[in-house]
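Each value in this text was obtained by applying a stated rule to the coordinates, not by laboratory testing. Note that the structure is a prediction, hence the values are computed from the model and not measured. A quick note on method: Cβ atoms are made from the backbone with ideal geometry, for glycine too, and the neighbour counts reach across all protein chains shown.
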Amino acid sequence: MSETLYPVTLEVNGVLHTARVPARLSLVDCLRDELRLTGTHIGCEHGICGACSVMLDGEPVRSCLMFAVQADGHKVTTVEGLTNADGTPGILQDSFCEKHALQCGYCTSGMLIAAHALLQTVKRPTDEQIREAIGGNLCRCTGYQQIVDAVKHAAARLGEKGR
Amino acid sequence: MSNVIDPQTFRYIGKKRRTKEDPRFVTGHGRYVADIALAGVKHVALVASPHPSARIVSIKTEAALALRGVHYVLTGEEFCAETDALAIGVDAPNVARYSLAKDVVRYAGEWVAAVVADTRAIAEDAVELIEVEYEPTPHVIDPEKAVKDGGPLVHPAHGSNVILQKHFTWGPVEDAFARAKHKLSLRVIWGRSSTVPIETFGVAAQWDAGQQILDIWASIQMPKFPDQAARSLRLPGNAVRVHFDVDVGGSYGVKRGIKHTVLVGYLAKRLGFPVRLIEDRLENMRGGDMHGPDRIFDMQVAFDDDGTLRGLKIHALDDVGAYAGRSPFQLGKPVTAICGPYRIAAIEYVPTAVLTNKTPEEAVRGFGQAPTNFAIERTIDCVARHLKMDPIEVRRRNLIRKEEFPYLIPSGSTYDSGDYHAVLDKALAAIDYPALLKQRDDARRAGKLAGIGISTCLEPNGGNSGFEPLLNPKNDSTTWMDSCVVRVDLSGAITGVMGTSSSGQGHETLVSTVIGEVLEREPADIRVVRADSLQALPSNSPVGSRMAIMLGGAAAGAARKIKDTLIEIAAHNLKCTIESVEYRDGNASVRGHPDQRMTWDELIAIAHRKIHQMPPGIEPGLQAKFVFEVPTGGKLPAADNTVQIYPCYSFEAHVVYVEIDADTAAPTLRKYVCGHDCGVMITPDIVHGMTYGGIAHGIGAALYEKFSYTADGQLESGTFMDYLLPSAMEVPTITIVDHCTPSPLTTFGQKGSGEAGYLGAPAAIANAINDALAPINARIDTLPITHDALWRAMQNTKAP
């Protein structure tokens, strides 16, 4: 039994990638194993923990619940794509460092994607809005508090930058 | 040994500073085991037993082996012949555990065969083609049935399901119970939960045939891991090289994948190509051997009219599952704080560990202390309710007083320092306790179920081995050292080398901060790397809240050696005595003569290149190793079963306010304050983060998380749909109030804090729930107090 491979073209973090993948390959496995973008992590593979979150055409999705072939022709942003052009941490990422909003770092990529998605639409989120936005992402290290602080901090910095 | 600490004098310690680790994680540059790309690596998937107890009649592998891309199928028959059983902590040699079952299976989920294939997907396809014929045999799931004679034996060769039982009496227990005016007994149950990191366990191994070395990369947090892996693989210790420069995606105790590692190590050596096993979530939850304590406590307490506690009897029955590694020791660690923070002179402790046909238990944050604290704190609240006293008043009356430290408890440990009353008072002030009482009472008048919960708990830290010889006389281990190397290179840059992996505790920040403090150099510029296991840096890994004390102490010791060498070089070249050298910011001058000065760069150049300017007897090159022994360690238990186990004792006082929805029975934590004293904090953001996280984990253990089993031995909660982890919607905003009582035993007055929050949160939440249920005369002493359990309790009391 030899698996049929299908060509996919993904725009990931602004760069076009092509790969030939089996139909059953998940988007997260494609990103990690085919494109070697290992910043996106696998936690549960059943859509609960949120560690594998990426942006697909501007919306946060679980990349473990999607096949790579379904993402063919779409735009994906991963945690690596949230940096500044020179690879240094972007404001949201830097705010996570400032508030120590992580410990082991494993859920962090998904948290950043969830927070990034929130800040795209809500410029000055309340604590409740932040908690709701990251409510689908599980973290075992932080108890979420410093994450909430970091997202608020990032919102304030982004607001100042936008003025 | 004692030193006077003034935290205000520190330059970097205790300051708000960014961590060294965070930037690589936020940019996606962490290097977890699944990120390590070994050329030609093959993937493992596992055949798991569907039965809790069965005889393996046959295993047919032909169809799997015929599948394209499949390289090998390993069964227990070959594996158990070619490897030795995994190490076991207690004295039970007939409870043999291997990575794969042979002849019989003892729990649903136990690994029966391993497939190696080009991809994980193909390996999973092959798993489905393997036919195993089983003959089911009687099983036992209920620990209270397992402990009785006459039922099914999980390991018949052991002769009993009891794998550990001790009877400890410290102080005049029967006398205390005879004299006390009041006696109470209660049963409290801690449910089977675990730390459940978001990263499952993973391991990759590669056999280097030229060097005859097995290289291992694993998401590991385990003392003696390289030694145990080598022993089971029948390799000399110097033929196994564990790479500790692997980021671990959370552990909190459980990442002890020795069974996975021996399996993958064997396959890599046997097959000659790299092999990896990354657990999927079901393998992790059902077959990963990472469940936590599952414990029934029968408590008895003797006390006076005024609430003074006279004696305590703790009988603890722990269900360790089908095999035991170190898990029964989790009944031993709490001996080091068996009376909690209270003056209780007489204690009886009867710990029993029992085998059942469940997934085995592994070390979980606190190593048995969180369940014990929960049992003690529920007992205190029951005393208060019995006497109609304020639970805070009962605690205040019995808490060890500031002036009584160092305080020797009946079981032989001495608590180093503390001010428990001050921490409790600070927590009560932070939550505005009088206002909170009014809020609760107003809510009750409005028809709500509302409650306040208090817990005052100890966090033993500095992780030492004293419980091992206490529970297993054949084990005479008395040290759990840790170590660090500091080197300064010719460019003047500083590197710290540690000998273990980390799972989020920020050890690179710890080491660099401590070295920077001692050498007066900027920590951000200090690099911290990890030696592999053949580079001889003894470590016992970050267990038992030990690294601030142990790795911090080792880093300080090594940095001080470097500083001493620099001062000697300066004295030799400035032609003055060592005592008259003034060291500042890495430069040295003659005291009172600032013009007679040598810079850091000059001193470094001499150390590396100018032996003619070196003082006699000093090694060239600037490198120092320091192995730090656990303070107060080094002694075996006395004949009366007293022993100093851990050296340092942090303290936490939780105050929580809960409301339970009258219609849906959903509990909501509306206010949460934790007063915390862990001595001098080296990096406050890290300590606070771990405490918040520990409380969140405690909320899970108290209200949501359980590995529940059906009567026929199946795990019901193998996914995150069934095993519920608290999200940001369940965890409230938490206020931490710091207090600092330095430890007299440690380098900077620091204590440990890695288990903070978790050790007191479940107790406080259970007390709050029960305070809320008191007006309807309901009580729940079984964790987790699920939504369903609350609903049923409320319905029962509403019935006419």
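Figures for the structure shown
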| read-out | value |
| --- | --- |
| Other protein chain Cβ atoms within 10 Å, averaged over every residue that makes up B:725-737 | 6 |
| Between the stretch B:208-257 and the stretch B:501-532, the alpha-carbon center distance in angstrom | 23 |
| Among A:A51, A:A85, A:A115, residue whose mean-square fluctuation peaks in a GNM of chain A (springs only between Cα atoms under 10 Å) | A:A85 |
| Using alpha-carbon coordinates, inclination of helix A:145-162 to the longest axis of chain A, degrees | 80 |
| Straight-distance crosslink candidates among aspartates and glutamates, where the alpha carbon sits under 14 Å from B:K181 and sequence neighbours closer than 8 are dropped | B:D304, B:D305, B:D306 |
| FRET efficiency estimate (nearest 0.05) - Cβ-Cβ, B:K575 to B:N94, R0 51 angstrom | 0.15 |
| Modelled label reach - B:K402, point 7 Å along Cα→Cβ, the stretch B:414-455 residues with backbone N closer than 16 Å | B:417-429 |
| When each of A:K161/B:K20; B:K563/B:K751; B:K388/B:K438; B:K563/B:K625; A:K123/B:K671 is checked by Cα-Cα distance, pairs over 22 Å | A:K161/B:K20; B:K563/B:K751; A:K123/B:K671 |
| Reachable lysines from B:K474, criterion Cα separation under 17 angstrom, eight or more residues apart if same chain | B:K166, B:K635 |
| Kirkwood hydrodynamic radius of the stretch B:90-211, from inverse mean 1/r over distinct Cα pairs, in Å | 20.3 |
| Taking A:L138, B:L574 and counting other C-beta atoms within 10 Å, the order from fewest to most | B:L574, A:L138 |
| Cβ-Cβ FRET estimate between A:T126 and B:D738, R0 fixed at 22 Å, reported to 0.05 | 0.25 |
| Partner chain coverage, peptide A:88-94 - average Cβ within 10 angstrom | 3 |
| Pairwise Cα inverse-distance average, inverted: Kirkwood Rh of the stretch B:478-628 (Å) | 15.8 |
| Whole-number D in µm²/s for the stretch A:83-162 (Stokes-Einstein; Kirkwood sum over Cα pairs; 37 °C, 0.692 mPa s) | 265 |
| Separation between Cα centres of the stretch B:730-800 and the stretch B:318-378, rounded to whole Å | 18 |
| Gain upon complete extension [B:D585, B:A666; 0.36 nm per residue less C-alpha separation] | 23.4 nm |
| Global form of the stretch A:5-81, assessed from the alpha-carbon gyration tensor, a/c cut-off 1.5 | oblate |
| Alpha-carbon radius of gyration plus Dmax, which is the widest Cα pair, for the stretch B:406-536 in Å | 23.5, 73 |
| Label-reachable residues, the stretch B:274-307, where backbone N falls under 19 Å from a point 7 Å from B:E174's Cα toward its Cβ | B:300-303 |
| Solution diffusion estimate, µm²/s, Stokes-Einstein, the protein assembly as shown, Kirkwood Rh from C-alpha pairs, 20 °C, viscosity 1.002 mPa s | 74 |
| Positive-end extreme of charge dipole, the protein assembly as shown - chosen from B:F303, A:V76, B:A761 (charges on Cβ) | B:F303 |
| Tensor-based shape of chain B (alpha-carbon gyration tensor, a/c under 1.5 rounded, otherwise prolate or oblate) | oblate |
| Whole-angstrom gap from the stretch B:391-413 to the stretch B:436-460, using each part's C-alpha centre | 24 |
| Share antiparallel - DSSP beta bridges, the stretch B:478-628, percent rounded to 5 | 85 |
| Net charge dipole size for the stretch A:1-155 [Lys, Arg +1 and Asp, Glu -1 on Cβ; Debye, nearest 20] | 180 |
| Proportion of all alpha-carbon pairs of the stretch B:250-391 beyond 24 Å (%) | 45 |
| Antiparallel bridge percentage (DSSP; both residues within the protein assembly as shown; nearest 5) | 80 |
| Dipole axis of chain B (+1 Lys, Arg; -1 Asp, Glu on Cβ), positive-most option in B:Y107, B:C80, B:I567 | B:I567 |
| Restricting the stretch B:99-142 to GluC sites (Glu not before Pro) in coil, as DSSP defines it, with at most 15 other Cβ within 10 Å | none |
| Reachable aspartates and glutamates, given that their alpha-carbon falls under 17 Å from the alpha-carbon of B:K575 and they are not under 8 places away in the same chain | B:D564, B:D595, B:E602 |
| FRET efficiency for B:A639 and B:Q8, using Cβ-Cβ distance with R0 set to 51 Å, rounded to 0.05 | 0.65 |
| Calculated over the stretch B:741-781: convex hull of Cα atoms, volume per residue (Å³) | 87 |
| Virtual spin-label span in nm between A:R20 and B:S160, 7 Å along Cα→Cβ | 6.5 |
| Anisotropy class of the stretch B:38-137 from Cα gyration tensor, a/c 1.5 cut | oblate |
